[in-house]
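Trainee: Mind having a look at this structure? Questions to follow.
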Amino acid sequence: MRVTLDAAALDAADPLVAHRDRFVGAASPLVYLDGNSLGRPLRATEDRIARFVAEEWGGRLIRGWDERWFELPLTLGDRLAAATLGAAPGQTAIGDSTTVLLYKLVRAAVAARPGRREVVIDVDNFPTDRYVVEGVAKECGLTIRWLDVEADRGVTPEALAPALNDDTALVVVSHVAYKSGFMADVAELTRLTHEAGAWILVDLCHSSGAVPVELDAWQVDLAVGCTYKYLNGGPGSPAFGYVAERHLDADAFHQPVQGWMGAADPFAMGPAYTPAPGIRRLISGTPPVLGMLALEDMVGLLEEVGIEAVRAKSVALTSYTLELVDRDLPEVEVVSPRDAAERGGHVTLQHPRMREVTAALWERDVLPDFRNPDGLRIGLSPLSTSFTEVAQGIAAIGETLRN
Ligand SMILES: *Cc1c(COP(=O)(O)O)cnc(C)c1O
């Protein structure tokens, strides 16, 4: 039981509170509760982008590729992996959108399990994940085995186990469910998947930067995630992809968009494609260098603070949100896990009027988001959100609901 619901006291006692000032706009009266859709920019990023234009791009010109940019998808991927993914170097590359990387990884996984005809995914997974799986299934003549999930949960080992068999090629699962915020037991889901001889692809869009991930220890095969949510990379910043070293070493991974930047020697301009050794083969075309600059700043901040401290703040914020909701919003239903160990960085509240409530809140500079059907999502970006913002946001939801 928390001793206080006093937001100012909680902010004063927050060991990470000083980091809020490092984000653009965090000191303004606006209440931002959607850091899980688009994180705030870091102030350092304003300067970094200006310096990049003046010095790196404007000054180094084409030499920039040799000096830094060519390797940036892999060097920054390794830093991101160490800071947030529990992954050793050489397995993470940055580039493309989440959707495009999902396609490349799903396609590579089913090609690596020839003869197996089924892909398992849940009906509540993020639309793009489902659509990509449907597209690949159609392209490759596979069957989709759909898992049902309860509104306030996600994929559990109990739900997955009966769906697996010796025809399963791949399981696609979100670590933290975008709707409910349920955090899946990926280690156990992976164990079950491997027992059936299949690969697992984990979507980390709603986890990386907010909750610790242990891709190597969990023995995950493939993972993908975006960088504009809790990683504050900015609108349209590129995604990251992870391929376990054992698949790269065994040459078991072949992605379908074979481009020159993922070739063994891009500047040989050779007659045929030979994939680069290691994770570089996940890259297709010229890396989005401009899109990685804000992410570089956020990775630096995460290296400094540590993901465990970020998770502690995240749990404190979501727990505080639920305590206020229980006390002040009796008319809404919480469709997120009550147990913090099963919860990611956001909380979803359900009420038949949430669509219009969200629109009214946006008018008064209180910004949560809305997800069908009837769900108001409160996304609590740990380093840029205060307890005071949460208290103001919950109060505003109550006033709007009763209006
Ligand atoms: C945000 C999100 C995406 C977004 O895909 P993009 O290609 O980056 O637009 C995909 N999957 C999940 C689970 C997400 O939360």
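Nothing in this text is a laboratory measurement; each read-out follows from the coordinates by a stated rule. Predicted model, so just to flag it, every value in this text is computed and none were measured. Cβ placement follows ideal geometry from the backbone for every residue including glycine, while neighbour counts extend to all protein chains displayed.
Trainee: Using Cα atoms only, what is the angle between the long axis of helix 387-401 and the major principal axis of the chain, expressed in degrees (0 to 90) to the nearest 10?
Mentor: 70 degrees
Trainee: Here's another thing I want to ask about it. With an 8 Å Cα cut-off and a minimum separation of 6 or more residues, compute the relative contact order for segment 49-302 in percent.
Mentor: Working: 490 pairs, mean separation 56.7, N = 254.
Relative contact order, segment 49-302: 22 percent.
Trainee: Still on this structure, I have one more. Which angle from 0 to 90°, rounded to the nearest 10, does the C-alpha axis of helix 307-328 make with the longest principal axis of the chain?
Mentor: So the inclination is approximately 40 degrees.
Trainee: Let me check I've understood the local charge: for L322, count other residues with C-beta under 10 angstrom from its C-beta, Lys and Arg +1, Asp and Glu -1. What total comes out? Mind dumping the intermediate values first?
Mentor: Numbers: positive: R327, R338, R343; negative: E323, D326.
Local net charge: +1.
Trainee: In whole angstrom, note down how far apart the Cα centers of segment 196-258 and segment 364-386 are.
Mentor: Cα centres, segment 196-258 to segment 364-386: 25 Å.
Trainee: With angles folded into 0 to 90 degrees, how steeply does helix 293-305 sit against the dominant principal axis of the chain? Use alpha carbons for both and round to 10.
Mentor: Taking the Cα atoms of the chain, the angle to 293-305 is about 70 degrees.
Trainee: Out of all DSSP beta bridges in segment 73-203, what portion is antiparallel? Express it as a percent rounded to 5.
Mentor: 5 percent
Trainee: Spelling out what I want: for every residue of segment 269-279, take phi, set θ = phi - 60°, compute 6.51 cos²θ - 1.76 cosθ + 1.60 (Karplus), and round to whole Hz; glycine and proline get x.
Mentor: Result, rounded to whole Hz: 6, x, x, 9, 7, 10, x, 5, x, x, 6.
Trainee: Right, here's the next one. Quick one: Debye curve from the C-alpha atoms of the chain, no solvent, what's log10 I(q)/I(0) at q = 0.07 Å⁻¹?
Mentor: Taking Cα atoms of the chain as identical point scatterers yields -0.33.
Trainee: Please compute, for the alpha-carbon atoms of segment 244-379, the extent along each of the three principal axes and give them in descending order in Å.
Mentor: 66, 32, 29
Trainee: Note down the magnitude of the dipole of the chain about its Cα centre, charges +1 on Lys and Arg C-beta and -1 on Asp and Glu C-beta and zero elsewhere, to the nearest 20 debye.
Mentor: Roughly 680 debye for the chain.
Trainee: Simple spin-label model, 7 Å along Cα-to-Cβ: R338 to Q258 in nm?
Mentor: Distance between the two pseudo-spin positions: 5.5 nm.
Trainee: For K104, which lysines qualify as cross-link partners when the Cα separation must be under 24 Å and same-chain residues fewer than eight apart are set aside?
Mentor: K138, K229
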